[in-house]
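Here the structure comes first, spelled out in structure tokens, and everything after it is commentary.
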Amino acid sequence: MYGALDISASGMIAQRTRLTAISANIANRNSVMADGTPYRGKEVFFVAGDPSAKTADGRKLGVHVSSIEDKDEPFNFRWDPDHPRALKSGSMAGYVMESNVNPVVEQINALEAARAYEANAVAAETTKAMYAQALRLLA
């Protein structure tokens, strides 16, 4: 009985973590690190199972965040030779290195994560309703 709610809860926790990373990417898109490099976007990776479950069967169910890693896409470049951070020499002279965060892709990912969160919430509510109905039938 408890496992079905755990599956939905683990999905909601994973999608909440994903939404947090997406919102950080959007918020920090124009940020520069202390060493002068642009912000590198973060990506959340999931793995099946729940290592915090108390039973062996429970550890096979649900999903959890396995890692949050930097996106491996290259930085973007924008032509602006007057910018203080413009590259001064080489074939890329005059270009400013910018974050690898694409706001359009991040918005789409946010919509997808929000829908997945909602689906898990609906599944949890449906599970609760089924358990309540089963208890009414037993009483």
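The values are calculated or read from the model by the stated rules, or taken from the named source; none is laboratory data. Everything quoted here is computed from the prediction, not taken from an experiment. Backbone-built Cβ (ideal geometry, glycine too); neighbour counts: all protein chains shown. We work out accessible area using only protein heavy atoms, side chains counted, and drop any ligands, DNA or RNA first. Shrake-Rupley method; radii C 1.70, N 1.55, O 1.52, S 1.80 Å.
Can you confirm whether the range 41-63 contains a residue that is modelled with pLDDT of 95 or more, charged (D, E, K, R) and touching a Phe, Trp or Tyr at 6+ places or on another chain (Cβ under 9 Å)? No. Identify, please: which residue in the range 25-36 is open to solvent by 80 Å² or more (accessible area, probe 1.4 Å) and in contact (Cβ under 8 Å) with a residue 60 or more places away in the chain and is, among those, farthest from Ala124 (Cα to Cα)? It comes out as Asn30. For the criterion of being open to solvent by 50 Å² or more (accessible area, probe 1.4 Å) and not in a loop (DSSP other than H, G, I, E, B), Ile68 passes.
For the structure I just gave you, tell me whether Ala53 is assigned to a loop (DSSP other than H, G, I, E, B), aliphatic (A, V, I, L, M) and surrounded by fewer than 17 Cβ atoms within 10 Å (Cβ to Cβ). No. Count of the range 93-120 residues, restricted to those that are of a type in the set (A, V, I, L, M, F, W, C) and either assigned to a helix (DSSP H, G or I) or open to solvent by 70 Å² or more (accessible area, probe 1.4 Å) (or both), is 9.
Please indicate, with yes or no, whether at least one residue in the range 7-24 is under 17 Å from Val105 (Cα atoms) and open to solvent by 60 Å² or more (accessible area, probe 1.4 Å). Looking through the range 7-24, at least one residue is under 17 Å from Val105 (Cα atoms) and open to solvent by 60 Å² or more (accessible area, probe 1.4 Å).
Of the residues making up the range 110-133, those that are within 30 Å of Ser31 (Cβ to Cβ) and either among the aliphatic types (A, V, I, L, M) or in contact with a Leu (Cβ under 9 Å, 6 or more places away or on another chain) (or both) are Ala110, Leu111, Ala113, Ala114, Ala116, Tyr117. State whether the residues of the range 101-115 include one that is at pLDDT 95 or above and over 29 Å from Ser8 (Cα atoms). Within the range 101-115 (the criterion being at pLDDT 95 or above and over 29 Å from Ser8 (Cα atoms)), the answer is yes, since at least one residue qualifies. Of all residues assigned to the range 78-91, at least one qualifies as being open to solvent by 60 Å² or more (accessible area, probe 1.4 Å) and either in contact (Cβ under 8 Å) with a residue 60 or more places away in the chain or part of a strand (DSSP E or B) (or both).
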